[in-house]
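One structure below.
The values are calculated or read from the model by the stated rules, or taken from the named source; none is laboratory data. Values in this document were obtained by computation on a predicted structure and should not be read as measured data. Positions of Cβ are generated from backbone atoms using ideal geometry, with glycine treated the same way; all protein chains shown enter the neighbour counts. Just the protein is used for accessible areas: all its heavy atoms, side chains included, with ligands, DNA and RNA removed. Shrake-Rupley method; radii C 1.70, N 1.55, O 1.52, S 1.80 Å.
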Amino acid sequence: MKDERLIEVEDFELLKLFEDISEEARKEKLAVPPTNKLLYWWTRKPLVVSRALALLSTIPAPKDGGMTAEKIGEVVAEVRRLIGLDSNERAYKNYPDVEGYRKLLDFDPPRILVTDPFAGQGNLMFEVAGLGLKAIAMDYNPVAYVLMRAILEYPEKYPNLAEDVKEYGKELIERTKKELGRFYEREGRTALNYIWCWCIKCPYCGQRVPLTNQMWLDKNRKIGYRFRVTEDKDFEVEIGVLSEEEGNSYTQRGGNAICINCRNTISYEHMTRDIAERRDKELIAVVVKNRRGKDFELPSNEDRKNFEEAVRYLKENWEGFLKEDLIPTEGIKASHRRENLFWHYGIYKWHEVFTERQLLVMITLLKNIREIAEEIEDREYAKVIATYLALMLCNHVDNNCIGVHWNVGGSKTENALAFRSPRIVYNFAEVNPFEEARGSLPNILNNIVKGIKFVTRGRINSDPELKLGSALNPNEFSKVDLVITDPPYLDDVQYAEISEFFYVWLYRALKDYYPELPPLIPVDEDLCVSWGRFGDLKLAKTFYINGMKKAFKNIYNALKDDGLLVVIFAHSSPEAWNMLLEILREAKFRITSSYVVHTESLANVLARGKTSFMSSIVVACRKITEENEAYYESIIPQVESEIKKILDRIKSEDELLEIPITDLLIMTYGKVLEVLTQYTKIKSYDPNFKPDFEGLIKDARDLILRELVKKITSKSPKALGPETSFLLVTKIFYRGKLPSDEALKLSKAYGVRIETLRNYLKRGRDGITLLSFKNAKLPSKPEEVNKDNLYQQLLFLKKVASESGVSAVKMILQRYDNFKPSEIERIVDLILKSYAIKQNKGVKLSNKEKEEMEILKGMQDVLRGKFVKVGKTLKDFM
């Protein structure tokens, strides 16, 4: 692939394409492709992103007739069609026109080799293989490896696989139900779920206290539960309609509990110690099936008896289960300071993350999987069937343990890994495994069958090569034309430690069929920053960075000299970008282009104020085959020039306001890396100066933020005013909320101290929030308003409009020279446009924001000169 590929072209049409890909990716995330339901995996790039990268990384850039904007537009339009962006349904459901794709290529598809050495469940290579290219997917984690084979290999080999898995899955459910069904039988309505609370003993009065962070069961119908203290220091439960105050009440929140009797606060230390020592839990409600859907009942004596019998049965057969290796007795490893919450409660082994009845279900499923697979004569096919049945088991582990919580808004369970790592939930939900409910065995089987059918529909049999191997081992690599990879990001996920949640079961089910599977997930070459693994954060970071350097050197050696590397990288800090720069430069890669892609719902991102963490950069890289050096001092102007071009490529104001500020920052980091990676050696004219790349990245961030103010106001931050610049960008691009570290970076860019802005914002644990015109500390008289502070002028006028009407705004603007109507009009227009764009993106505005919009619209009319009659004197308004 010697010639330039489409992804290496920097053009506004490509920028718009990536925006549309991002929008579709967010929608896909909500839709959830069937492949993602086979088993939870922590990092899965949306299939629309995978397909787009496969296409853009292999389709050549226009050559004949020159790379004109018209020619690029034609090719991009065809790529849009192949991706499926113009379809009436989700893009991932439309399999691309492979023949149309091949007409755009300058090579024969089967001849090109593409690899991902950090493949995970294989989403990137799934689309590569589907286009008829030769895909090589590799991962060090055995859970990922098994999942890859279930998605990329077996469905292609066996045409009737979906129906066979369906039948064997039904058999697994029936056998398990025959053994354990009696522990869920009850008179009256069928149980779908059981709601439990962990209970502790109050250290002050001896009261038994159930732990719950709210009292709702169904918030939409206002149904929930109340606790009543009994004379013997126990409690009773009532289920019924609750007031808003009752439903939102709690006995545990923020790390402490409150006694339901004496109302004293109980410390986190006492809570965890009590649970660890006594393991006291109480069944407080049963979710039952009715004609309309679901209802809630108090547990009956029969419900309690069923559970007690399950406990007794487990105890009686414990030694036998151990002898058959059906119980995961492996210890839970430390992963990260925040995540190893099980240890706090005395839970140190993986079999302890279940109630007795839940554990009994998992044990019985494992036993029956072994038996069913053993009965299949074709041993290779037995391996395949056992794989999908084992995925059923692992899925149920995720949906039926003490980490499952009850979603009171949707009236359904949420899997344990909805939190990304398993942890204890004080008021957890148990699933009836045999009934149709979220997380039950019939539903899990249905999802797996759908996943198999989705994989096989309309696909080319490309026979991908799948490896259980390490990116740190050069012997695992083949010589390839293209690498598309999404490497692990620092401490984002401790894969080895956390995926043991599944692996302790998966290995027991499949060890006889996959001799390559290790007994435990190895950690020696698992690249992540895991404090728990090393006992020291600095050592963990060193391990990660050294490992990534080695991996990318291996990628360099495996890639043909005219090959292309495409890396997806997601991290917001300049330190992380400096690390990526160091890795790429040391491996001798130069960046040829960079684009931003994001997959999170914009409404969700803005609502939670988490804009700093939801974007990824896609960088296209080529090998440096010749030494090239430059002076650091000459590079700085190059960097500044490239950064200014970012905003030049964005033609309209509306387009600029649509782009999340994180995208602008990530594009900036990408430009810095593009310039710096062109050189194998960077020197300085000063022999005592060491080039500060991290400082350069931070300076680039400040520059783009200053240029942003120029772009939207036509004034430099110095001319507009540092305070107004900070407050305006926070208002428009961060929706008035900033994490503390982000606020410090923004204040540095504009040369303002946050302490000087105390009249306009409040500090909190989560960062800073802009105060509304009602709460900000403002002058009491128009003549006292600062003529150089446009933001103060805007707030003062909004307050006047709110209290006295927009006519008063016109009077003030006519009478007082310290206000700047044309500049205020510009800011009002910007804020209103930003609100309109958010609404078009599906962001739900708060009541305060809606009120502000109406005020600003009125002010906009005044500022544009549409209000003619005043009708009152100024003193009437003040």
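So here's what we get for this one:
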item	result
Restricting region 745-766 to residues that are of a type outside the set (Phe, Trp, Tyr) and closer than 17 Å to LEU703 by Cβ, the residue that is most open to solvent (accessible area, probe 1.4 Å)	LYS748
Condition check for VAL114: in a strand (DSSP E or B) and either free of Cβ contacts under 8 Å to residues at least 40 places away in the same chain or open to solvent by less than 10 Å² (accessible area, probe 1.4 Å) (or both)	yes
Residues of region 309-354 classified as open to solvent by 20 Å² or more (accessible area, probe 1.4 Å), aliphatic (A, V, I, L, M) and at pLDDT 95 or above, total	2
Residues being open to solvent by less than 10 Å² (accessible area, probe 1.4 Å) and either farther than 30 Å from MET1 by Cβ or in a loop (DSSP other than H, G, I, E, B) (or both) - total across region 133-161	8
Single residue of TYR503, TYR507 found to be touching a helix residue (DSSP H, G or I) at 6+ places or on another chain (Cβ under 9 Å), hydroxyl-bearing (Ser, Thr, Tyr) and open to solvent by 20 Å² or more (accessible area, probe 1.4 Å)	TYR507
Scope region 213-240; condition in contact with a strand residue (DSSP E or B) (Cβ under 7 Å, 6 or more places away or on another chain), open to solvent by less than 70 Å² (accessible area, probe 1.4 Å), not in a strand (DSSP E or B) and not hydrophobic (A, V, I, L, M, F, W, C); matching residues	ASN213, THR230, ASP234
Odd one out for VAL49 among (1) closer than 15 Å to PHE126 by Cα; (2) open to solvent by 50 Å² or more (accessible area, probe 1.4 Å); (3) part of a helix (DSSP H, G or I)	(2)
Hey, GLU282 assigned to a strand (DSSP E or B) and of a type in the set (D, E, K, R) or not	yes
Tally of residues being open to solvent by 10 Å² or more (accessible area, probe 1.4 Å), within 28 Å of the chain's Cα centre (by Cα) and among the β-branched types (Val, Ile, Thr) across region 366-412	1
Residue among ALA437, ALA429, ALA509, ALA418 that alone is among the aliphatic types (A, V, I, L, M) and under 30 Å from GLU380 (Cβ atoms)	ALA509
Residue among SER652, SER684 that is of a type in the set (Gly, Ala, Ser) and more than 22 Å from GLN638 (Cα to Cα)	SER652
Candidate set: region 524-537, residues that are of a type outside the set (A, V, I, L, M, F, W, C) and modelled with pLDDT of 90 or more; chosen: the one least open to solvent (accessible area, probe 1.4 Å)	ASP526
Number of the exception - GLU674 against (1) in a helix (DSSP H, G or I); (2) open to solvent by 10 Å² or more (accessible area, probe 1.4 Å); (3) modelled with pLDDT under 90; (4) within 28 Å of LEU728 (Cβ to Cβ)	(4)
Hey, GLU10 open to solvent by 20 Å² or more (accessible area, probe 1.4 Å) and not in a loop (DSSP other than H, G, I, E, B) or not	no
When residues of region 290-308 are limited to those that are among the charged types (D, E, K, R) and over 20 Å from TRP216 (Cβ atoms), the one surrounded by the most Cβ atoms within 10 Å (Cβ to Cβ)	ASP303
Complete set of residues in region 81-111 that are more than 19 Å from PRO34 (Cα to Cα) and in contact with a Ser or Thr (Cβ under 7 Å, 6 or more places away or on another chain)	LEU105
Within region 522-577, tally of residues that are small (Gly, Ala, Ser) and outside any helix (DSSP H, G or I)	6
Candidates GLU127, GLU99, filtered to the one that is in a helix (DSSP H, G or I) and free of Cβ contacts under 8 Å to residues at least 12 places away in the same chain	GLU99
Hits in region 480-516 (condition: more than 15 Å from LEU39 (Cα to Cα), modelled with pLDDT under 95 and in a helix (DSSP H, G or I))	ALA496, GLU497
Residues within region 619-643 that are hydroxyl-bearing (Ser, Thr, Tyr) and assigned to a helix (DSSP H, G or I), tallied	3
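Rundown of residues vs (1) in a helix (DSSP H, G or I); (2) closer than 25 Å to LYS850 by Cβ; (3) at pLDDT 95 or above, yes/no style:
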| site | (1), (2), (3) |
| --- | --- |
| THR769 | no, yes, no |
| SER772 | no, yes, no |
| ASN775 | no, yes, no |
| SER802 | yes, yes, no |
| ALA808 | yes, yes, no |
| GLN814 | yes, no, no |
| PHE819 | no, no, no |
| ILE831 | yes, yes, no |
| TYR835 | yes, yes, no |
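Table: residues versus (1) at pLDDT 95 or above; (2) within 30 Å of CYS259 (Cα to Cα).
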{"site": "ASP108", "(1), (2)": "no, no"}
{"site": "LEU133", "(1), (2)": "no, no"}
{"site": "ASN141", "(1), (2)": "yes, no"}
{"site": "PRO155", "(1), (2)": "no, no"}
{"site": "VAL209", "(1), (2)": "yes, yes"}
